[in-house]
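Structure, as structure tokens:
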Amino acid sequence: MHTFTLLFLIALAGSLALRYWLATRQLLHVKKYRDSVPDSFAGKVPLKDHHKAADYTITNTRIGMIALAYDSLLLLGWTLGGGLDWLDKNWLAAGLHPVITGVGVILSAMVIMTLLELPFSLYHTFVIEERFGFNRSTLKVFIIDMLKNALLLAIIGVPMIALALWIMEASGGLWWFYVWAVWMAFTLVMFWAYPAVIAPLFNKFSPLDNDALKQRIQILLDKCGFRSKGIFVMDGSKRSGHGNAYFTGFGSNKRIVFFDTLLESLSPEEIEAVLAHELGHFKLKHIQKRLLSTSALSLSALALLGWLAGQDWFYLGLGVSQPSAWMALMLFMMVLPVFTFFIQPVMSLLSRKHEFEADAYAVQQSSGADLIHALVKMYRENASTLTPDPLYSAFHDSHPPAPVRISHIAANMSTT
């Protein structure tokens, strides 16, 4: 057996074992506390809602374990099983230009992967989400969303893939740096354009028409020094009963967005507190910090890929007989998560730090009590478990567990 093949199999087995161990811990932990609402939520979350959150979490965790096994088998099939190699050889036999061949291989692989993952997407939307009362989508909307995504891939993805492959073929040993520069420029353009160009393809965004709430929000925006293109309500209820709020874009194209489902459930004071948290991310420059960290990580990853692309053992060890720029990209994207899952808690820790900081900012700019009330409502209505396993949460959750987060907000309230 090839040395890198053995290393890949060890990493895959190790990550699978860790993931299943964490999932088992999550199941046992949530089951253990299913019949008892945590003290910090007593009187705020009814036991029936706590039961629903526990059952929803358990159901998603179990189907996630099945999907994990399925995805791992597909990964082995694509790599050591010869799937990518077979696809590559068939495209090479057509005798097309290398860039066209590479785009064809990558696109056809993505289409096949999407179709193979489709049963789990359908099951999650129309069985699990339906069972727990969250699904508002229809099969028609689901199919239209898929077609829109395919159209975006054709319009935006194909030129980007072709450009990346051309750079890899034509730019010598530093191609990875030039690809990184193009990718970061594309990311910034998309980050700016997404609110006005991409998002409206999937949802309707209407200006907030509640004058009293709009005035309250504007006072908060002025206080925080935030200027935006407007305050919008998104028809999230078109697809789901889950609620959320966020701001998107940057520069002159920033937008504040509320899900209509969120506005229906929160009071004006609670909406203000939630918005203050989101503004905390802006004021504390979390978006810029995340862009910088993403930039550094992507540069490091592409530098690693630049080295791996010149190593025959990288291809042979993963079941590919003919080295090429597109095979290097495909293999790297497919196997990298196997090796990086082990450091996921580090990334989650940084994300949680930002959430704590944004909560502290919200307490200073609005009411901490209203923020707690809003979060409790959101936990309850989104069926978010109040009792996740700490280790599982450290690997999988970008936000702090509910009791920890509420405790931190209360601590900040006592010092203001």
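Is it true that some residue in the range 20-34 is within 20 Å of Y392 (Cβ to Cβ), part of a loop (DSSP other than H, G, I, E, B) and not hydroxyl-bearing (S, T, Y)?
We begin by selecting, within the range 20-34, every residue within 20 Å of Y392 (Cβ to Cβ); these are 20-34.
Add one more test, that the residue is part of a loop (DSSP other than H, G, I, E, B), and what stays is 33-34.
Adding the requirement that they be not hydroxyl-bearing (S, T, Y) leaves 34.
Yes; the residues of the range 20-34 include at least one that is within 20 Å of Y392 (Cβ to Cβ), part of a loop (DSSP other than H, G, I, E, B) and not hydroxyl-bearing (S, T, Y).
Taking only pairs six or more apart or across chains, which ones have beta-carbon atoms under 6 Å, a first residue in the range 272-287 that is touching a residue at least 40 places away in the same chain (Cβ under 8 Å) and closer than 13 Å to G225 by Cα, and a second residue that is surrounded by fewer than 22 Cβ atoms within 10 Å (Cβ to Cβ) and among the charged types (D, E, K, R)?
L284/E357
Among (1) under 30 Å from S300 (Cα atoms); (2) touching a residue at least 40 places away in the same chain (Cβ under 8 Å); (3) not in a helix (DSSP H, G or I), which single condition is H242 missing?
(1)
Out of all the residues in the range 8-27, which are surrounded by 13 or more Cβ atoms within 10 Å (Cβ to Cβ) and either aliphatic (A, V, I, L, M) or within 11 Å of L68 (Cβ to Cβ) (or both)?
Restricting attention to the range 8-27, the residues satisfying the condition of being surrounded by 13 or more Cβ atoms within 10 Å (Cβ to Cβ) are 8-9, 11-12, 14-16, 18-20, 22-27.
Result: L9, A11, L12, S15, L16, L18, R19, Y20, L22, A23, L27.
Please list, ordered by first then second residue, the pairs with beta carbon atoms under 8 Å, 6 or more apart or interchain, first in the range 329-345 and in contact (Cβ under 8 Å) with a residue 60 or more places away in the chain and surrounded by 14 or more Cβ atoms within 10 Å (Cβ to Cβ), second aromatic (F, W, Y) and part of a helix (DSSP H, G or I).
L331/F314; L331/Y315; M334/W78; V335/F8; V338/F8; F341/F395
Is the range 107-115 home to any residue that is farther than 22 Å from M190 by Cβ and either in contact with an Asp or Glu (Cβ under 6 Å, 6 or more places away or on another chain) or aromatic (F, W, Y) (or both)?
No, the range 107-115 contains no residue that is farther than 22 Å from M190 by Cβ and either in contact with an Asp or Glu (Cβ under 6 Å, 6 or more places away or on another chain) or aromatic (F, W, Y) (or both).
Which one is surrounded by the fewest Cβ atoms within 10 Å (Cβ to Cβ) among residues in the range 225-236 that are more than 19 Å from S267 (Cβ to Cβ) and modelled with pLDDT of 80 or more?
G225
Can you name every residue in the range 290-313 that is farther than 19 Å from L174 by Cα and touching a helix residue (DSSP H, G or I) at 6+ places or on another chain (Cβ under 6 Å)? Walk me through it before giving the result.
Kept after step one, since they are farther than 19 Å from L174 by Cα, are these residues of the range 290-313: 290-294, 313.
Within the range 290-313, just W313 meets the criteria.
The values are calculated or read from the model by the stated rules, or taken from the named source; none is laboratory data. Note that the coordinates shown come from a computational prediction; the quantities given were computed from them, not determined experimentally. Reconstructed Cβ throughout: ideal geometry from the backbone, glycine too, with neighbour counts over all protein chains shown.
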